[in-house]
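The values are calculated or read from the model by the stated rules, or taken from the named source; none is laboratory data. Model, not experiment: these values are computed from the prediction. In this analysis, Cβ positions are derived from the backbone assuming ideal geometry, glycine residues included, and neighbour counts consider all displayed protein chains. With ligands, DNA and RNA removed, areas are computed over all heavy atoms of the protein, side chains included. Shrake-Rupley method; radii C 1.70, N 1.55, O 1.52, S 1.80 Å.
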Amino acid sequence: MVRCPSCGKAARVVPASEDSDPDGRMLFRPRRLLCRGCGLSRVWSRRLVTLSRGTAQPARDPYFGIPLWLQVETRYGWLWAYNLEHLDLIRRFVQASLRERAPWYDSGQKMTLVARLPAWIKRAKNRDEVLRAVSRIHASLATA
């Protein structure tokens, strides 16, 4: 979910077609920006993707470079999610009182999404603030 560059309402970035990529590169499949508010439709078909890094500044969509809709600033940095499933995963991880690691985690492969979360999000002492931020993001959906 992104902020529409035309009307400022919530818009979506979705795969442009349902065809599977023969190379298996789902990340580079063409994308379409769709806004129900103003009818804006754009297609992205380049091979350059810019992923957001860190939480010091607002996050942007990797395809169109448009600010994400699901983000809020906290005193530690920006909390953001690409979609509702991503936001729910963050909420469930932060809310969990027992965070078990996958058995292969200690063997050097730390490529899970939650392993890549910033330390301030994973700290138990910040749990309440992070969960409030998630609630604020959910509240922003009411205005979408």
Computed accessible area, residue 138, all protein chains, 1.4 angstrom probe, square angstrom: 80 Å²
Under 5 Å, built H, 5+ apart or other chain: amide partners of residue 66: 61
FRET efficiency for residue 120 and residue 27, using Cβ-Cβ distance with R0 set to 25 Å, rounded to 0.05: 0.40
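Would you mind getting me the FRET efficiency between residue 136 and residue 45? Use the beta-carbon distance for r and R0 = 35 Å, nearest 0.05.
0.50
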Over the range 1-87: Kirkwood hydrodynamic radius from C-alpha pairwise inverse distances, Å: 13.7 Å
Probe 1.4 Å - accessible area at residue 131, Å² to nearest ten: 40 Å²
Per-pair calculated FRET efficiency, R0 = 25 Å: residue 6 and residue 112 via Cβ, rounded to 0.05: 0.10
